[in-house]
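J.: Would you mind keeping the following structure in view while I ask a few things?
The values are calculated or read from the model by the stated rules, or taken from the named source; none is laboratory data. Since we're looking at a predicted model, the values are computed, not measured. Cβ sites come from the backbone with ideal geometry, for glycine too, and all protein chains shown count toward neighbours. Surface areas here come from the heavy atoms of the whole protein model, side chains and all, with no ligands, DNA or RNA. Shrake-Rupley method; radii C 1.70, N 1.55, O 1.52, S 1.80 Å.
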Amino acid sequence: MEVPKDQISTLLDQGLYSSAQMLGCFLVSSPAANAESSPHLKSESLVLLGDALFREREYRRAIHTYKQAMQYYKIIPKQNSTTTRSSLQSNRSSSPNSFNVSAINENEVKFKIASCYCALSDNRAALVEMEGIPSKARNLQMILLMGKLYRYARHNRAAIAYYKECLRHCPYVFEAIIALAELGVAAKDIISLFPQTPIRSGKTPFDHFDSNRWLLRYVEAQCCIASNDYKGGLELFQDLLQRFPNNIHLLLEIAKVEAVIGKNDEAIINFEKARSIDPYLITYMDEYAMILKKKCDYSMLNKLVHDLLNIDPTRPEVFVALSVLWETKDERGALTYAEKSIRTDERHIAGFIMKGNLLLAMKQPEVAVSAFRNAQELRPDIRSYQGLVHSYLALSKMKEALYAAREAMKAMPQSAKALKLVGDVHASNSGGREKAKKFYESALRLEPGYLGAALALAELHVIEGRNGDAVSLLERYLKDWADDSLHVKLAQVFAATNMLQEALSHYQAALRMNPQNEAAKKGLERLEKQMKGVDPDAPDDDEDNEVDDAEGDQEETELL
C-alpha cells in the first residue's frame with residue numbers, strides 16, 4: 001500500500017503539523033520506503049517527518065530523524081551506478097517505488113539540524129553542523145546563522161566577516177546591521193558593503209542611495225547607540241520617525257534608549273504609543289515594566305504583565321516583567337523569574353540586569369557582580385556599569401569600583417550618569433568627598449535635570465554639615481521636577497536639623513506621590529521617635545577607605 005508523500009508537504013504548507021507528523025510515521029514505516037531497496041525514499045520521508053517535528057517544536061526528535069535521513073542518504077551513491085543502469089533500461093514510472101535521484105539537499109538538512117540545536121540553545125553543536133556546509137553552498141539564511149553562532153562563541157572576527165557577507169548579498173538584513181554596530185564596526189564601513197550595482201528600475205547607484213538615505217541614517221543611528229552616543233542616536237531615530245510616522249520598530253528603539261538613559265516619562269509615552277498601534281507587542285516590554293516600577297505605577301504594571309501573559313507566556317521578556325512585578329512582594333520569587341528569562345534566552349540582557357539588581361537588594365553583591373558582568377559582555381550600557389560599581393562598593397572593593405566607574409566614563413564621556421558613578425566611589429570614603437563634589441557638579445552641568453546627581457550632591461552637603469546648601473539645592477529642583485525622592489531627601493535634611501514639622505510635611509508629600517516609597521515610610525517612623533525625643537540612630541563609625549591611584553586621578557582630570 002502506498003502512502004502519498006506529496007500530501008505531507010501539503011499538510012506542512014497548510015500548517016497542519018500534527019497531521020503531517022502522523023502521516024510521516026505511516027510513510028516512514030511503509031514497505032515502499034524500504035531502507036535496503038529504496039534508501040532515497042526512506043531519506044526523503046524522514047526529512048519530511050523531521051520537518052513536521054521541527055514545526056511542532058519537538059527539536060530533539062527532529063534532530064534524531066534528520067540524522068537518520070542523512071545516514072540513508074549516504075547509502076544512495078553506492079547503489080547509484082548499478083541501479084541507474086537498470087532504471088534506464090526500463091520506462092520510468094511515477095510510482096514512489098521507482099528509482100529517482102534523491103530530492104533531499106544534504107546542506108539544507110544540516111541547516112535544519114543546526115536550527116534545531118539553536119532552538120535548544122546548543123550553539124556549539126549547531127556551529128559544528130553549519131561548518132560542515134561548504135561555503136559556496138551557503139545561502140543568505142545560512143550565512144546569517146553562521147554570523148550569529150560565531151558571535152555566540154565569541155569569535156568576533158569570524159562573526160563580523162559573515163555579517164558583512166550578508167549585507168553584500170542584501171543591504172536590508174537589519175539583524176546584520178545591528179550586530180555589526182554592536183561589534184564596533186564603523187557606520188561608513190557598514191554602508192560601504194551595500195551593493196552598488198544599478199537596480200532594475202534603471203536608477204544609477206547614486207540615485208538609488210539618495211532614495212535610500214533613510215537606511216544610511218538607520219545604520220548611523222545604530223552605530224551611535226552601540227558606541228554609547230545616546231543623544232546622537234536618539235536624534236537620528238527621531239528624524240527617521242518623522243519620515244516614517246507610527247513606525248513600531250523605531251518607536252521601540254527610541255523608547256528603549258530613553259529607558260536606558262533614564263528619560264522615563266518620554267520612554268513611557270513612546271512605549272504606550274507603540275502598544276496603541278500594536279497591542280500584542282512583546283519586544284522590549286520588560287524594559288517598559290522596569291520603568292513603570294520606577295514610576296511606582298503598579299496598576300499599569302499589573303495590566304502590562306496580564307496582557308503579556310495572555311499574548312505569549314513563554315517569552316523571556318514576559319519572565320522579566322513578572323520578576324519586576326514580584327519584586328515588591330517576594331524578592332526570591334522575583335529572582336526565580338529573572339533566572340527563568342535567562343534560561344529561556346541566555347543572551348537576554350534585561351534578564352541579567354534584573355537578576356543583578358535583585359541580588360544587590362538581597363545583599364548578595366558577589367553574585368550580583370557575575371550577573372552584571374554577563375550583561376556587560378553581551379552589550380555594555382550604563383545600567384551594567386552602575387550595577388558593577390554598586391556591587392563592588394557593597395563588597396568594599398574600592399579599587400574595582402573605581403576602575404568600573406572610570407571604564408563607564410571612558411565609554412560614555414558625555415554621560416552625566418557615568419560622571420556620577422565616579423563621584424559615588426569617591427563619596428564612599430571621607431577622603432574623597434571633595435572629588436565626589438566635583439564629579440556631581442560636572443554631571444549637573446552636563447545634564448541639569450539629572451536628579452540622581454542632585455540628590456547625591458545634597459547628601460554630600462548634609463554629610464559635611466552644609467544643610468542650608470542641601471535645602472536650597474533640593475528646593476530649586478522641586479520647582480521644576482515633582483518627584484517623591486526629592487521630598488524624601490528634603491525631609492531627611494529637615495529632620496537632621498531638627499525642623500521636624502517641615503520634615504513631616506515632605507514625608508507626607510512623598511507618600512502622597514508614591515504610597516510604596518519605603519524610604520518615606522521608614523523616615524516617618526524615625527521622625528516619630530525624634531518627636532518623642534528619642535535618638536533614632538546609633539552613631540556610625542566612619543571608616544576611612546582611601547583609594548590611591550595617582551595615574552587614575554590624572555586621567556579623571558583630563559576627562560573632566
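J.: Relative contact order for the chain: what is it in percent, counting Cα pairs under 8 Å that are at least 6 residues apart?
T.: On the way: 706 pairs, mean separation 28.7, N = 560.
The normalised contact order for the chain reaches 5 percent.
J.: Still on this structure, please answer the following. For the cross-link pairs Lys188/Lys340; Lys74/Lys164; Lys437/Lys521; Lys397/Lys479; Lys188/Lys397, which exceed 32 Å when the distance is taken from alpha carbon to alpha carbon? List each step's numbers first, then the result.
T.: Details: Lys188/Lys340 39 Å; Lys74/Lys164 34 Å; Lys437/Lys521 29 Å; Lys397/Lys479 38 Å; Lys188/Lys397 41 Å.
Check vs 32 Å cut-off fails for Lys188/Lys340; Lys74/Lys164; Lys397/Lys479; Lys188/Lys397.
J.: Let me ask something else about it. Which whole DSSP H helices in the chain pass both tests: a Cα extent of 15 Å or more along the axis and a mean Kyte-Doolittle value no lower than 0.0?
T.: Result, helices passing both filters: 17-29, 39-55, 140-152, 213-226, 248-261, 298-311, 316-327, 349-361, 382-394, 416-427, 451-463, 484-496.
J.: Can I ask one more? Return the carbon/sulfur percentage of the accessible area of the range 406-454, one whole number, probe 1.4 Å, all protein chains in place. Write down the numbers at each step before the final one.
T.: Values: 850 of 1740 Å².
Answer for the range 406-454: carbon and sulfur cover 49 percent of the accessible area.
J.: To continue, here is another question. I need the calculated FRET efficiency for the pair His169 and Asn105, taking r as the beta carbon distance and R₀ as 25 Å, to the nearest 0.05. The partial results should precede the final answer.
T.: Working: r = 19 Å, r/R0 = 0.76.
In this case the efficiency is close to 0.85.
J.: The chain: longest stretch without exposed chymotrypsin sites (Phe, Trp or Tyr not before Pro) (DSSP loop, at most 14 other Cβ within 10 Å), sites themselves excluded? Mind showing how you got there, number by number?
T.: Numbers: sites that count: Tyr172, Tyr280, Trp481.
Free of exposed loop sites, the longest segment is 281-480.
J.: Quick one: pull the percent of accessible area on the range 251-330 belonging to carbon and sulfur, 1.4 Å probe, ligands and nucleic acids left out. Walk me through the numbers before you get to the answer.
T.: Working: 1770 of 3330 Å².
With neighbouring chains kept in place, the figure for the range 251-330 is 53 percent.
J.: Still on this structure: Out of residues 5 or more away from Lys295 or on other chains, whose amide H comes under 5 Å of its own, with H placed 1.01 Å from N in the peptide plane?
T.: none
J.: Kindly report the accessible area of the range 427-475 per residue (heavy atoms of protein chains, probe 1.4 Å, no ligands, DNA or RNA), in Å². Please list the in-between numbers first.
T.: On the way: 1970 Å² over 49 residues.
Spelled out: the 1.4 Å probe surface of the range 427-475, per residue, equals 40 Å².
J.: Please work out how much length the chain gains when fully extended from Gln508 to Glu235, using 0.36 nm per residue of separation minus the C-alpha to C-alpha distance, in nm with one decimal.
T.: Working: separation 273, 0.36 × 273 = 98.28 nm, distance 3.93 nm.
The Gln508-Glu235 span can extend by a further 94.4 nm.
J.: Give the carbon-plus-sulfur fraction of the accessible surface of the range 349-404 in %, rounded to a whole number; probe 1.4 Å, heavy atoms of protein chains only. All intermediate terms of the calculation are to be shown ahead of the outcome.
T.: Numbers: 1100 of 2200 Å².
Roughly 50 percent, rounded to a whole number.
J.: Specify which labelled value, from (i) 217; (ii) 192; (iii) 149, agrees with volume of the Cα convex hull per residue in Å³ derived from the coordinates of the model shown.
T.: Entry (ii).
J.: How far apart, in nm, are two points set 7 Å out from the Cα along the Cα-to-Cβ line at Trp214 and at Asp122?
T.: Result: 4.3 nm between the two label points.
J.: Just flag the trypsin sites (Lys or Arg not before Pro) in the range 276-361 sitting in loop per DSSP whose Cβ has no more than 12 other Cβ atoms within 10 Å.
T.: Sparse-neighbourhood loop trypsin sites (Lys or Arg not before Pro): Lys329.
J.: Here's something else I'd like to know. Using a basic spin-label model with each label point 7 Å from the Cα along Cα→Cβ, how many nm lie between Lys67 and Glu475?
T.: 7.5 nm
J.: What FRET efficiency do you get for Ser430 and Thr283 if R0 is 45 Å and r is their Cβ-Cβ distance, rounded to the nearest 0.05?
T.: It comes to 0.45.
J.: Given a 1.4 Å probe, how much area per residue of the range 282-379 is accessible, in Å²? Could you put the intermediate results ahead of the total?
T.: On the way: 4330 Å² over 98 residues.
Here the per-residue accessible area is 44 Å².
J.: Over the range 282-379, what is the mean sequence separation of C-alpha contacts under 8 Å (at least six apart), divided by residue count, expressed as relative contact order in percent?
T.: Details: 124 pairs, mean separation 21.0, N = 98.
Relative contact order here is 21 percent.
J.: With just the Cα atoms defining each centre, how far is the range 352-379 from the range 278-345? Give it in Å.
T.: Cα centroid of the range 352-379 versus Cα centroid of the range 278-345: 17 Å apart.
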